[in-house]
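Working notes, beginning with the structure itself.
Derivation of every value follows stated rules applied to the coordinates shown; laboratory data play no part. No experiment lies behind these values; they were computed from the predicted model shown. So basically every Cβ, Gly included, is an ideal-geometry build from the backbone, and we count neighbours across all protein chains shown.
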Amino acid sequence: AYPARKQIYRRRAGPLRYWLLAHVYFGIIAGILLLLHGGTSTGGLLTSLLMISFDLVIMTGLFGIACYLIVPRIMTSIEGEPLLIEDLRARREELRETLGRIGQESSEELRQVIKDKVRRRFLSFNYLLRQYIRREDLSALEAKAREEIEPIADRLGDPKSRRQLIEAVEATVTLRRVDSLIYLHQLLKLWLAPHVVATSLMLMLMLVHIIQVIYFAVR
């Protein structure tokens with residue numbers, strides 16, 4: 001069962017946290033020094049590119065800090081003890097296999113109902129946003145989904161089809177919850193690549209700038 005597979009989500013603490021704080025503080029100090037050094041004038045093309053790259057470093061860094069401050073709180077408010085992303089991906093595959101099995105075993109009528117009523121409703125973007133905005137308990141979310149789909153299930157003559165429909169609804173609702181947590185995990189890393197690229201570009205431009213200054217100073 002989904003709740004039984006949960007692992008306690010622990011924030012990274014200890015030395016890594018202090019390294020992050022040091023990185024932030026040194027970045028702020030570097031930004032102040034750069035502003036004092038360059039002033040309001042951007043100068044030539046090289047210094048303009050250097051300032052732009054540094055601005056990108058600051059913006060991506062601030063976005064990363066915001067993610068690390070906000071995203072874990074959202075994850076905790078949604079699930080309490082969120083799974084690690086590896087477990088979430090494994091759970092997502094299990095749910096997809098469950099839905100695939102139901103699709104293979106069900107009648108054509110039921111497959112059409114699942115496609116038109118279940119997937120379209122519970123895999124929609126609006127239902128994804130609901131995970132972040134309302135942050136309802138999963139069991140309550142499943143209960144509301146079953147209640148919503150109950151009139152359609154009652155119209156199915158076969159008891160087996162009704163059970164399969166309810167199982168498909170529960171699996172789809174859980175899948176969307178798992179998707180929402182996976183997206184939050186991915187958001188924690190989304191800023192990192194642009195930040196590294198911008199930092200690398202800034203350091204290269206800074207090196208060229210230093211070489212240029214030394215060259216004109218000793219010439």
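Listed values, structure above:
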| item | result |
| --- | --- |
| Förster radius 25 Å - calculated FRET efficiency between Leu123 and Leu190, Cβ distance, rounded to 0.05 | 0.70 |
| Axial C-alpha extent at least 18 Å, average Kyte-Doolittle at least -1.0 - helices from the chain (DSSP) | 15-38, 45-79, 138-154, 159-190, 192-218 |
| Gaussian network model of the chain, springs between alpha carbon atoms under 10 Å - residue of Leu69, Leu83, Leu21 with greatest fluctuation | Leu21 |
| Within a Gaussian network of the chain (alpha carbon springs, distance under 10 Å), most fluctuating of Gly100, Gly61, Gly44 | Gly44 |
| Length added when fully stretched, Ala66-Arg96, from 0.36 nm per residue minus Cα-Cα | 7.6 nm |
| Between the range 142-219 and the range 60-78, the Cα center-to-center distance that results, in Å | 13 Å |
| Space enclosed by the convex hull of the alpha-carbon atoms of the chain, per residue, Å³ | 164 Å³ |
| Residue-span extension gain [Tyr25 to Ile133] - 0.36 nm each, minus C-alpha spacing | 35.6 nm |
